[in-house]
1. Can you pull out every residue in the range A:64-112 that is closer than 30 Å to B:LEU26 by Cα and open to solvent by less than 30 Å² (accessible area, probe 1.4 Å)?
2. From the list A:ARG332, A:ARG290, exactly one residue is crowded, with 20+ Cβ neighbours inside 10 Å, out of contact with any Gly (no Cβ under 6 Å at 6 or more places or on another chain), at the interface with chain B (Cβ under 10 Å from one of its Cβ atoms) and among the basic types (Lys, Arg). Which is it?
3. Inside the range A:114-140, can you point out the residues that are part of a loop (DSSP other than H, G, I, E, B) and open to solvent by 70 Å² or more (accessible area, probe 1.4 Å)?
4. Name the residues in the range A:19-53 that are in a helix (DSSP H, G or I) and polar (S, T, N, Q), would you?
5. Hey, can you tell me all the residues within the range A:293-323 that are of a type in the set (Ser, Thr, Tyr) and open to solvent by 50 Å² or more (accessible area, probe 1.4 Å)?
6. Please determine, by comparing only the residues of the range B:33-50 that are more than 9 Å from chain A (Cβ to nearest Cβ) and open to solvent by 50 Å² or more (accessible area, probe 1.4 Å), which one is farthest from A:ARG320 (Cα to Cα).
7. Which one of these does A:ILE223 not meet: (1) farther than 30 Å from A:ALA326 by Cα; (2) not in a loop (DSSP other than H, G, I, E, B)?
8. Considering only residues that are within 23 Å of A:ALA43 (Cβ to Cβ) and in contact with a Pro (Cβ under 9 Å, 6 or more places away or on another chain), which ones fall in the range A:315-335?
Amino acid sequence: MSGLIEETEVTVIGGGIMGLSTAYHLAKSGMKVVLVEMDKIAAGASGSNAGSISKGDPENPTVAAIFAESYKMYQDWTQSKELGYDFELDQVTSLRCFTSEHIERMKYGVWKKRLEVWEEEGLSLVKRNEWEIAEPNVAEDLMWGIEGTYTMINIFRVCRGLAWAAKKYGAKIFTHTEVKDIDVVDGKVRRVITNRGDINTEVVVNAAGSWAPVIGMMVGIGIPILPAIGTALVTEPTPPITSHGRVFYDPLWFNPDQPFIANNRDPSQRLGVTTEIDRHSKEANYIIARSEHIVPLPPRGAKTNVEAETLRCIAESAIRVVPKLANINIMRAYAGMRPVCEVDGYPILGKVEGIEGFVLATGPWHNGMSYGPMCGKLISELIRGEKTSIPIEEFGFSRFVESGHFPYVHLFRGN
Amino acid sequence: MNEKGDLVVCRCMEVTEKEIREAIRLGADSFDAVKRITRSGMGLCQGRTCQQLIERLISEETGTRPSELPPISVRPPLRPTKLKAIVGMEK
């Protein structure tokens, strides 16, 4: 490898929302930070999602607290223009649709609990005749709906804004820089070796998303993260067919035993299977998505492919929910690899016992935009040796050790 | 008109020369990077009309020759395709 290029306190690997936010918070607190990204800013999952953020999580109070803090941060950044860019924070209306059969099945299981949480938030099931005037083009057998709101951001502007702000506080960002190896000496990280030279560092933050396991291998740990590919179709501009910003439909909704992850590579049996039909008023078009399925990890730097079968699945479910979409043209499709922890679906945050200076900040699955801002702050607090403002021990790497998942080497099992 | 920079370069998304030059000055150094900030090339033509114009602007601003700029990412469908046609599409 060529000569040394940098001398720093912290090296962040990954230019997605988790890495950028961590670099931003560290730099702001006065630490010396270098961020390396193998492609460009927001090239992976952070640049290929719907741009909606959650304000809470009905299942886990810690996650709910993190989401709430991230949301506050987005609001603060908008007001203070901290990120340089206006990232178009916006409130949008939504409608979740159900068939009568779904309603029957929702009387028990995990969905019963979700429904109760929503009821507490004032989101209740409403019969079709009450929203049909606004949404006449939704398929006729969808007899029930929950109306709500959610928040949208421009993901590229958030990520580039974080990069800009991190640099403003002194962070150095190297794109198109691929980490080749990490030197660990006496159980402590010393050096990050990249294709452009070496970085001497005291701390390494692994925020490499779906590629986090590759980085983990360099220090000898197996990180149980799999790439879940999420694909979306972009339509041509068209007069509105729906009036809510987002129309949801989840055909697996009625399954009370729906596992958090179906480790299945068949696109028709994907995890989640939520169909989202998003109306983008600014572009006057639709973005249509269905949740992810697990795919083999593509080579580093490769473009994420859009599979024909996935396109078909998404088009089919869009027409199933809003039949009039059948005659609308698709201009383009995009896909991203969302890093999902295959053990429990929660992110992996914090230090790794036995490797001093190696910190994990990854695995937010399809909630990266909701986790990112606050997780970056929590990780920066952790690195500075402070008490984190929200306890994150439950998301530590040690949970896999306790559950017998360590060492968990799953990576090179191929297709 | 050109001097003020309000010449429309990407006509699908109505992005002006000024907006594109600003994005390049903020660090967008490829067609894809400019697209991610300004939405140029995200319209119906998917950059067929404006790609070369934008690459020329990048070249002017950064000094990189257009031939040395990274290729744009191309994904299906290559032409606007109706949803119902995609459903009928074979694997």
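The values are calculated or read from the model by the stated rules, or taken from the named source; none is laboratory data. Remember, it's a predicted structure, so these values are computed and weren't measured experimentally. As a convention, Cβ positions derive from the backbone with ideal geometry for all residues, glycine included, and neighbour counts pool all protein chains shown. Side chains included, ligands, DNA and RNA excluded: accessible areas come from the protein's heavy atoms. Shrake-Rupley method; radii C 1.70, N 1.55, O 1.52, S 1.80 Å.
1. A:PHE67, A:SER70, A:MET73, A:TYR74, A:TRP77, A:GLU82, A:LEU83, A:TYR85, A:PHE87, A:VAL92
2. When all the criteria are applied, what remains is A:ARG332.
3. A:GLU121, A:GLU132, A:ILE133, A:PRO136, A:GLU140
4. A:SER21, A:THR22, A:SER46
5. none
6. Residue satisfying both the conditions and the ranking: B:THR49.
7. (2)
8. A:ILE330, A:MET331, A:ARG332, A:ALA333
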